[in-house]
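Heads up: the structure comes next, in structure tokens.
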């Protein structure tokens, strides 16, 4: 197996990022050049078209002359059918010559128009995404102002619903992304959630290890300068979870020394008794408290809450993931 040196991977990554960032500009400029080039090629072809039409005219005149001579001699060597076939072949050959003359010009011109249109579509999509993210961030800001704090929320509001039955399925864990858009729940509904262990405590550790392995892998690449940045959506894709609108703008940038930080928040299922009826309830507990639990204490079930955060080298501060979109794609 060929091992590619890290500097080569780093340079290739930077070139790829540069192309993604400047793709619309490159496509627009290239499309304009190609459109102008196609017009010039068409002008050059027009200078040669008189020769093609003149040859076509001469061939048609020779066909008419041959038919006239055959009729005058009465020998029937050049019949009406022969004349039609000869004219058809002449028109065909002339059409092929015209296609050869104008074909490259048309292909280049339309390709240039296509590139410019593609650049327009990409720019439109980026602007639409930016507007959507701005709306989301404005809502987050208004919520933070209303709460009177700019700190990272210490805990997520958990709403548990039940239908007054004793079925395990009545537990619903709802999170409010406007409170903390970087808090995620990893539970049995996620496709990569391991749910086959008899020992649920060991199973919890396996699922936790799965979540953290993706973070450690991206941190290794950030610190090794093999990638320039990581989006929140990159983490969600690695976990097999649904991407978010804000996740394509926020993340961690290698250029500013960002590293991915996190909080692990266990939730265990307990049975609550209300009005003589029992129903399951997911309860948040401290990580140390979870470690002190016996295996049988979480046999009823659990889920893992994980909050993504960020730290930058040289400051030691832990904050929410930063908006790095302008750092990556800004002019």
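Just for region 218-232: of the residues that are touching a residue at least 12 places away in the same chain (Cβ under 8 Å) and assigned to a helix (DSSP H, G or I), which one is farthest from the chain's Cα centre (by Cα)? Spell out the reasoning first.
The initial filter retains those residues of region 218-232 that are touching a residue at least 12 places away in the same chain (Cβ under 8 Å), namely 218-219, 222-232.
So of that shortlist, the ones also assigned to a helix (DSSP H, G or I) come out as 218-219, 222-223, 232.
Details: 218: 18, 219: 21, 222: 20, 223: 24, 232: 12 Å.
Checking each candidate, the answer is 223.
In this structure, is residue 212 assigned to a helix (DSSP H, G or I) and touching a helix residue (DSSP H, G or I) at 6+ places or on another chain (Cβ under 6 Å)?
Numbers: assigned to a helix (DSSP H, G or I): yes; touching a helix residue (DSSP H, G or I) at 6+ places or on another chain (Cβ under 6 Å): no.
No: the conditions fail for residue 212.
Pull up region 192-209, narrow it to residues that are modelled with pLDDT of 90 or more and out of contact with any helix residue (DSSP H, G or I) (no Cβ under 8 Å at 6 or more places or on another chain), then point me to the one that is surrounded by the fewest Cβ atoms within 10 Å (Cβ to Cβ).
209
Can you confirm whether residue 116 is touching a helix residue (DSSP H, G or I) at 6+ places or on another chain (Cβ under 7 Å), over 30 Å from residue 27 (Cβ atoms) and surrounded by 15 or more Cβ atoms within 10 Å (Cβ to Cβ)? Step through it out loud before you land on a result.
On the way: touching a helix residue (DSSP H, G or I) at 6+ places or on another chain (Cβ under 7 Å): yes; over 30 Å from residue 27 (Cβ atoms): no; surrounded by 15 or more Cβ atoms within 10 Å (Cβ to Cβ): yes.
Here the answer is no, as residue 116 does not meet what is asked.
Hey, can you tell me all the residues within region 65-86 that are assigned to a helix (DSSP H, G or I), touching a helix residue (DSSP H, G or I) at 6+ places or on another chain (Cβ under 9 Å) and surrounded by fewer than 13 Cβ atoms within 10 Å (Cβ to Cβ)?
Looking only at region 65-86, we keep the residues that are assigned to a helix (DSSP H, G or I), and these are 65-73, 80-86.
This time we only want the ones that are touching a helix residue (DSSP H, G or I) at 6+ places or on another chain (Cβ under 9 Å), so: 66-67, 70, 80, 82-83, 86.
Result: 80, single match.
Which residue, of 90, 123, is in a helix (DSSP H, G or I), buried (at least 17 other Cβ atoms within 10 Å of the Cβ) and in the same structural domain as residue 47 (by TED's automatic domain parsing)?
On the way: 123 fails: buried (at least 17 other Cβ atoms within 10 Å of the Cβ).
Checking each option against the conditions leaves just 90.
Considering only region 215-238, state which residues are under 18 Å from residue 194 (Cβ atoms) and buried (at least 19 other Cβ atoms within 10 Å of the Cβ).
The answer is 215, and nothing else.
Given the conditions (1) farther than 29 Å from residue 290 by Cα; (2) in a loop (DSSP other than H, G, I, E, B); (3) touching a strand residue (DSSP E or B) at 6+ places or on another chain (Cβ under 8 Å), report the number of the one that residue 247 does not fulfil.
Only one criterion in (1) farther than 29 Å from residue 290 by Cα; (2) in a loop (DSSP other than H, G, I, E, B); (3) touching a strand residue (DSSP E or B) at 6+ places or on another chain (Cβ under 8 Å) is unmet by residue 247, namely (2).
The values are calculated or read from the model by the stated rules, or taken from the named source; none is laboratory data. Note that this is a predicted model, so its numbers are computed, not measured. Note: ideal-geometry Cβ built from the backbone for every residue, glycine included; neighbour counts use all protein chains shown.
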